[in-house]
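Everything below concerns the one structure shown next.
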Amino acid sequence: MSSSLSVFLLDPKAARALVGSRDDQLLEVVRASFGDDLASDDSWFSTEIADGAPTAYEALRTVVYGGPYPEERRYAFQYGYAYKRLCSLTGSFLDNSSFSPFRGDWLETVDEGLRALRITAVSVAELGHYGGMPDGVPCYDLPRCGEWTYERCLEALEQFEQTKRDGHAPPLEPEVVEAVMDVLGWLRLVQQRPGFGVVGFVS
C-alpha cells in the first residue's frame, strides 16, 4: 500500500488559529468555492458516512467551531482531512513529486540523506508522525500531520550551506538526491516568507 506526503507553505500559527475560530465567512467561502471537492470527498467516503462519519463539510464546520468531536475514534480521519483542507485554502501547495506516492520507510530514507548532508534541523518523517494536529483535533491513523517553523527552516538551510563550505559531499542514491533537492526547494521558499513554515500531511 502506498502513501502520499502533501506539503503546504503557510503560516503555521495562522493555520492553527483557524481551529475554533468560529469563522462563518470562511465556511461560506469553502462551501461556495469548493462544493465540488466536498461532494467528491463525500462520495469517496460514502460507506463511512453511511456508518456515521460526518460529511466533509460537517467535519470542517466542527473543526472551525472547535468541536464538539465524537468519541468514536474511527471517524477522526474526517477532522484531520478538514484541517488539511484549511491548510490548502490558506497556503500554497509545494511540489511533492518525490513523495507522492511513496512506500515503506521512504521518509526515513530521505531523512538519512539529509543527515548525511548534516541537515538535522528538519525531518521529513516528522511531517508524518502522529500527534501533529492542532490541540483538540482528533487524530487516529490517517491523515497524520507535522510542521516546520520558519526558524527551523532557516537553520536547516544554514546547515546545508555549512556542508557546502566544508566541501562535504557524501554519496547518495539519485532518487534520494532528488528528494533532498525538493526539500531544499521548500526551505528556500520559506526563507522568502518570514513567519511562514511548512505543514505536511501523510495520507
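The values are calculated or read from the model by the stated rules, or taken from the named source; none is laboratory data. Remember, it's a predicted structure, so these values are computed and weren't measured experimentally. Please note: Cβ atoms are built from the backbone with ideal geometry, for glycine as well, and neighbour counts cover all protein chains shown.
Against the condition among the acidic types (Asp, Glu) and over 20 Å from residue 91 (Cα atoms), how does residue 126 come out, does it pass?
no
Select from the stretch 149-203 the residues that are part of a helix (DSSP H, G or I), among the basic types (Lys, Arg) and either under 19 Å from residue 93 (Cβ atoms) or touching an Asp or Glu at 6+ places or on another chain (Cβ under 7 Å) (or both) and list them in ascending order. Explain how you work it out, then say what you get.
Going through the stretch 149-203, the residues part of a helix (DSSP H, G or I) turn out to be 150-165, 174-191.
Still in the list and also among the basic types (Lys, Arg): 152, 164-165, 188.
Within the stretch 149-203, just 188 meets the criteria.
Within the stretch 67-97, can you find the residues that are of a type in the set (Gly, Ala, Ser) and either surrounded by fewer than 16 Cβ atoms within 10 Å (Cβ to Cβ) or within 15 Å of the chain's Cα centre (by Cα) (or both)?
Scanning the stretch 67-97 gives 67, 80, 82, 88, 91, 92, 97.
Here are 200, 128: which of them is modelled with pLDDT under 95, under 18 Å from residue 105 (Cα atoms), surrounded by 22 or more Cβ atoms within 10 Å (Cβ to Cβ) and of a type outside the set (A, V, I, L, M)?
Just one listed residue meets the conditions, 128.
Could you give me the residue pairs with C-beta distances under 8 Å whose first residue belongs to the stretch 26-44 and is in a helix (DSSP H, G or I), whose second residue is polar (S, T, N, Q) wherever it lies, and which are 6+ apart or on separate chains?
38/55; 42/55
Here's the yes/no breakdown for (1) touching a helix residue (DSSP H, G or I) at 6+ places or on another chain (Cβ under 7 Å); (2) more than 30 Å from residue 187 (Cβ to Cβ); (3) part of a helix (DSSP H, G or I):
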{"residue": "1", "(1), (2), (3)": "no, no, no"}
{"residue": "61", "(1), (2), (3)": "yes, yes, yes"}
{"residue": "79", "(1), (2), (3)": "yes, no, yes"}
{"residue": "83", "(1), (2), (3)": "yes, no, yes"}
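Please specify each residue of the stretch 1-52 satisfying the condition of being polar (S, T, N, Q), at pLDDT 95 or above and surrounded by 11 or more Cβ atoms within 10 Å (Cβ to Cβ).
4, 6, 21, 40, 46 - these are the residues of the stretch 1-52 that are polar (S, T, N, Q), at pLDDT 95 or above and surrounded by 11 or more Cβ atoms within 10 Å (Cβ to Cβ).
Quick one: which residue in 118, 144, 193 is surrounded by 12 or more Cβ atoms within 10 Å (Cβ to Cβ) and on the phi > 0 side of the Ramachandran plot?
118
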